[in-house]
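Structure record follows, encoded as structure tokens.
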Amino acid sequence: MDYSGIFMESDGCLEHKFARFGGGLSVQDGAVISGYASLFGVADQGGDVVQAGAYRRSIAALEAEGCRVKMLWQHDPAQPIGVWDEVREDARGLWVKGRLLDSTRQGREAAALIAAGAIDGLSIGYRTRRAGKNDKGQRVLSELELWEVSLVTFPMLPSARVAGKGDEPGTMNTLRELAAALEGARLELARN
């Protein structure tokens, strides 16, 4: 299974679709996260539009097999960071709810980064089963095989944002300061 590219043709390799959603991703009790991993009818930066019902068969097949969609860190199959307890379609898109595992280093870091606002995106890993083109030349994805939903730094859908909630005000201030310091260091490295 090849996770190396952001977009791949549907030749058996996984494709990735990023999303950032306003108020959609939140952290409660330090570990429970929920939000929309995909929105229906909204073109992303790659010009793709996911059609309502695109995940229905895949979700049903996973449930029938007793399997779950994987929760990964930045699409890295070597870094599972939690479990998605609920994955469902509604009128708006693909909604997910799960738990970051605080027994893993990356799970603890992800919770802190979300709470601080440093990580604000979800991204899906999938295979295209059926797609077509609309009159705008956009690829319309009508059936997708969903493999994983990752927490990511750079989402594909710029019109959406993620919100995080912390438990303690003092902790939030510390996390915001840490996030600001990390962002400052990242910008400094980018300039050099």
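Give the accessible area for VAL49 in Å² (nearest 10); use a 1.4 Å probe, count only protein heavy atoms, and leave out ligands, DNA and RNA.
The accessible area of VAL49 comes to roughly 20 Å².
Once the piece of chain linking LYS136 and ARG68 is laid out straight, how much longer is it, given 0.36 nm per residue of separation minus the C-alpha distance between them?
21.0 nm
Tell me which residues come under 5 Å, amide H to amide H, from LEU101 once H is placed; ignore anything under 5 positions away on its chain.
GLY82, VAL83
Enumerate the residues in region 119-145 having an amide nitrogen under 16 Å from the point lying 7 Å beyond the Cα of ARG57 toward its Cβ.
In region 119-145, the label zone of ARG57 (backbone N under 16 Å from the point 7 Å along Cα→Cβ) covers 126-132, 140-145.
For region 129-137, just list the computed ³J(HN,Hα) in residue order, Karplus coefficients 6.51, -1.76 and 1.60, θ = phi - 60°, integers in Hz, with x standing in for Gly and Pro.
These are the phi-based 3J(HN,Hα) values: 9, 9, 8, x, 10, 9, 5, 8, x Hz.
If LEU113, LEU94 are ordered by their accessible area, calculated over protein heavy atoms with a 1.4 Å probe, which sequence runs from highest to lowest?
LEU113, LEU94
If you stretched the chain out fully between GLN45 and ASP90, how much longer would it get, using 0.36 nm times the residue separation minus the C-alpha to C-alpha distance?
Net length gain for the segment: 13.9 nm.
Quick one: ranking THR104, THR128 by accessible area, 1.4 Å probe, largest first, what do you get?
THR104, THR128
For THR153 and THR104 in the same chain, what is the full-extension length gain: residue separation times 0.36 nm, less their Cα-Cα distance, in nm?
Gain in length upon complete extension: 15.8 nm.
The values are calculated or read from the model by the stated rules, or taken from the named source; none is laboratory data. Everything numeric here is computed off the predicted structure, so don't read it as measured data. FYI the Cβ positions are ideal-geometry reconstructions off the backbone, even for glycines, and counts take in every protein chain you see. Heads up: the accessible areas ignore ligands, DNA and RNA and are worked out on the full protein's heavy atoms, side chains in. Shrake-Rupley method; radii C 1.70, N 1.55, O 1.52, S 1.80 Å.
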